[in-house]
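K.L.:
Quick one: the structure is below, and I'll ask about it shortly.
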Amino acid sequence: MSCDLKIEEIINGRGGSALDRRSFLKCALASGAALGMTSVAEPAAAIPSGAASETEDNARFVVEAKFYQKLQNRKIKCKLCPRECTVGDKERGYCGVRENRSGTYYTLVHSRVAAAHVDPVEKKPLFHYLPGSVAFSLGTAGCNVNCKFCQNWDISQSRPEQVPAQYAPPQRVAELAKQYNCPTIAFTYSEPVVFSEFLMDAADAGHAAGIRSIVVSNGYMQEDALKAAYGKMDAVKIDLKSFSENYYRQVVTGQLKPVLDSLVTLRKMGKWTEIVYLVLPTLNDSDQEFRGLAQWVKANLGADVPLHFTQFHPEYLLKNLPITPVPTLERAKAIADAEGLHYVYIGNVPGHPAQNTYCPKCKKMLVERVGFTAGKMLIRKNKCPFCQEQIPGIWHA
Amino acid sequence: MSTLDKDSRRSFLRKSLAGAALLCAGGATGALAAAEPVVTESSAAGMKSRVVVARDELLRGTGSTVDSHRMLALLDRAMQALFSRDHAHLDHAVEAWRNLVRPGEMVSLKVNTLGGRGISTNVQLVAAICERLQEAEIKASDIVVWDRDSTELERAGFHLAMGGERVQCFGTDRVGYEEELAAYGNVGSRLSKILTQRSNLLINLPVLKDHDGAGVTIALKNMYGIINNPNKYHPNGCNPYVADLNMLPEIRSRMRLTICDATTAMYEGGPGYKPEHSWNANSLLVSTDPVALDHTGWQIIERKRAEKGLKTLEAEERAPHYIATAADAEHHLGRNDPRKISIVEV
């Protein structure tokens, strides 16, 4: 069986038997893993002439949004993310997937899955969460920022009607996760903040079926929404894109502070959280920024929060930049290590020793990773088998 | 408020079909050789951009619907005033159109239909333009009337038409967007295939209205309707996004003329239609300089706001600064300095 299952085959089951883990991993290693890039989304193919852009009944994707406030003159204020879009009647917010219809705000992407794959959790990456397991991973159209380096821009920066999608209601998502032997549902690819209502319902359906949920997010979210939506997650990965407000403003079209606030909130909520920092040559790769980041993480989240420095590959609007040199990533890691963080990883560089997990006390290797697979996993009962040091994370199902 | 009755729909289609038939009978390659050079900048004396404001108080007669004959006459007056040079009056409006288009060109008419029947580009105006384009020897089937969404076009009163010899009319939803990104400055978007594959000449047909975020939405901002991700470009009053978007070569190279439909205009509460904040301006604003046209339209809205006792857009912290950005040294999309704009009222 090929890993090139189309989304409709995955969701509607026309692809035949379930994707077995071995063939999936083989595919992942052969393609995406080699580059550290995910080929996640079905291409947003042009709609053939004469055909309607949406073959599905739109109404079933439209559900009243949870996080907004009604204003005068049929306007609303979105309370989902810090952008707080004020949206007039018949208009959409910045994300492009939430629409004001006569003073009521709706999400247009509930159960509207634009990308679905079975991925190793290492691909998210979550390194301290069920190593070697796979997650039924899905995303919808839309995003509440516009990162100039986005690798999934064809879905994240599109409106729902511009992207081929399948109807996958929460119960169906849970069934699919079971069908593909995934202990976890992962909300990922575009930006789960913008499909929070779907995420919450699908997580509930998953939990009822004994399946966990994780989210890969930018963390650019209001506190109440974060608590309500990500409170349902078993683990969270936050893309902290920089430690500079200027970078967030110019490259991300967002703000840094609300993301830092979200990380602190997640910490207070006791959610297992890992941080990814994509290193872009010349834009967010100074010693000062790496040091400031590491110091902030240690002071506000603790030394045990995994921090992944990952390699950038030219995409979207930043094709003029080179791939991040490995020595730059190693410099970032060295600075974070020196600041006292216990679990600093290098990502998107297959075979690099900093992809492995080491005991911070005895320094022995505890989890060996090859590509997106966990080759060895020595942690037992959340402890280092050599020195009995507690190793934080969710290691066992 | 303009509405489209059955008669005007029939009239629109009849004119389209008649135009196609006329073309088949005509041929007229002589007109190609005699055509004036295409006007891409104002030809007014000096360095001024010309903006024609054509007005007809009786445009709606005694009813609420725009009279199609008077609309055609108003359009003719506007086009003749725009393309008359050095006091040389154009005897017939079709001469003005021959300054603009050449036989064989594929002409796209980008309307604005977000506001439904309340405030969208008038069907009668579009019908009048199609009639004159065909007289200027553009094949009916080489004209496409379009916006982002077919349903919105229908709601505004347009009949969809794909294929055949008629004027074409459909939304980008029917053909999709280019796969490749078009990028300039802060903008990276996928462009409608109607623009890139169905037209080599763009006539912009916006409406004149207030916009709660951008200040006003007229010519330059109407280009938000040709990209896949307009929602990304509303922060900071759409500045510099509007200007950056209009810099895309695919747009700039095709943009030939703006005819702003100000039969109904809106001074507050936009972009959605608010009848309580609308007025019958019974006007067209026409220019080859979209920046000058936007500046002129903005001032018209400000005058109406003052008349209604409303604050200026600047006082409301939503002045359309993107117009100045479009005129700056980097973008140079037109002129926003009133001293360099010649407003011709007819």
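Values in this text are rule-based calculations from the coordinates and carry no lab data. Computed from a prediction, not measured in an experiment: that's the story for all the values here. Cβ: placed from backbone, ideal geometry, glycine included. Neighbour counts: every protein chain shown.
K.L.:
When the Cα centres of segment A:154-192 and segment B:120-137 are compared, how far apart do they sit, in Å?
P.N.:
What the calculation gives is 45 Å, centre to centre.
K.L.:
While we're on this one: Nearest 20 debye, what's the magnitude of the dipole of segment A:58-107 about its Cα centre given +1 on Lys and Arg Cβ and -1 on Asp and Glu Cβ?
P.N.:
60
K.L.:
Also: Local charge sum around A:LYS77 (other residues, Cβ-Cβ under 11 Å, Lys/Arg +1, Asp/Glu -1)?
P.N.:
+3
K.L.:
Quick one: compute the contact order of segment A:58-107, relative version, from alpha carbon pairs under 8 angstrom and 6+ residues apart, as a percent.
P.N.:
34
K.L.:
Sort B:MET106, B:MET266, B:MET47 so the one with the fewest other Cβ atoms within 10 Å of its own Cβ comes first.
P.N.:
On the way: B:MET106 18, B:MET266 29, B:MET47 12.
With the fewest neighbours first, B:MET106, B:MET266, B:MET47 line up as B:MET47, B:MET106, B:MET266.
K.L.:
What order do you get for A:GLU99, B:GLU250, B:GLU137 when you list them from fewest to most C-beta neighbours inside 10 Å?
P.N.:
So the ranking, lowest neighbour count to highest, is B:GLU250, A:GLU99, B:GLU137.
K.L.:
Another one. How high is the relative contact order of segment A:247-397, given as a whole-number percent (alpha carbon pairs under 8 Å, six or more residues apart)? Kindly include the intermediate steps, with their values, before the conclusion.
P.N.:
Details: 218 pairs, mean separation 25.0, N = 151.
In percent, rounded to a whole number, it is 17.
K.L.:
State which entries of A:LYS124/A:LYS319; A:LYS79/A:LYS232; A:LYS75/A:LYS232; A:LYS79/A:LYS333; A:LYS268/A:LYS298; A:LYS66/A:LYS257 exceed 25 angstrom in Cα-Cα distance in the structure shown.
P.N.:
Among A:LYS124/A:LYS319; A:LYS79/A:LYS232; A:LYS75/A:LYS232; A:LYS79/A:LYS333; A:LYS268/A:LYS298; A:LYS66/A:LYS257, the Cα-Cα distance tops 25 Å for A:LYS75/A:LYS232; A:LYS79/A:LYS333.
K.L.:
Could you please report the charge total around A:ALA174, scoring K, R as +1 and D, E as -1 over all other residues with beta-carbon less than 12 angstrom from its beta-carbon?
P.N.:
Value of the local net charge: 0.
K.L.:
Which aspartates and glutamates have a Cα lying under 15 Å from the Cα of B:LYS193, excluding residues fewer than 8 positions away in the same chain?
P.N.:
B:ASP142, B:ASP147, B:ASP149, B:ASP173, B:GLU178, B:GLU179, B:GLU180, B:GLU250
K.L.:
Right, another one. Which one of B:SER283, B:TYR322, B:LEU293 has its Cα pushed farthest toward the positive end of the charge dipole of segment B:262-339, where Lys and Arg give +1 and Asp and Glu give -1 at the Cβ?
P.N.:
B:SER283
K.L.:
Determine the shape class of segment A:58-107: with a ≥ b ≥ c the square roots of the Cα gyration tensor eigenvalues, call it rounded for a/c under 1.5, and otherwise prolate if a/b is greater than b/c, oblate otherwise.
P.N.:
Taking the square roots of the gyration eigenvalues as a ≥ b ≥ c, segment A:58-107 is oblate.
K.L.:
State the answer as a single residue: which of A:SER111, B:LEU310, A:ALA165 lies farthest towards the positive end of the charge dipole of the protein assembly as shown, with beta carbon charges of +1 for Lys and Arg and -1 for Asp and Glu, about the Cα centre.
P.N.:
A:SER111
K.L.:
Would you mind classifying chain B by shape? Square roots of the alpha carbon gyration tensor eigenvalues, ordered a ≥ b ≥ c; an a/c under 1.5 is rounded, otherwise it is prolate if a/b is larger than b/c and oblate if not.
P.N.:
It is rounded, given that a/c, with a ≥ b ≥ c, falls under 1.5.
K.L.:
Going by the alpha-carbon gyration tensor, a ≥ b ≥ c the square roots of its eigenvalues, is segment A:208-315 rounded (a/c under 1.5) or, if a/c is not under 1.5, prolate (a/b greater than b/c) versus oblate?
P.N.:
On the way: a/c = 1.75, a/b = 1.65, b/c = 1.06.
Because a/c hits 1.5 or more and a/b exceeds b/c, segment A:208-315 counts as prolate.
K.L.:
On to the next question. How charged is the neighbourhood of B:GLU105? Take every other residue with its Cβ under 12 Å from the Cβ of B:GLU105, and add Lys/Arg as +1 and Asp/Glu as -1.
P.N.:
After counting each charged neighbour, the total is +4.
K.L.:
Lysines near B:LYS340 by alpha-carbon distance under 29 Å, same-chain residues fewer than 8 away left out - which ones?
P.N.:
Once the sequence-local lysines are set aside, what remains near B:LYS340 is B:LYS48, B:LYS110, B:LYS209, B:LYS221, B:LYS304, B:LYS308, B:LYS311.
K.L.:
Where does each of A:HIS110, B:HIS331 land when they are ranked from fewest to most other beta-carbon atoms within 10 angstrom?
P.N.:
Placing the least packed residue first, the sequence is B:HIS331, A:HIS110.
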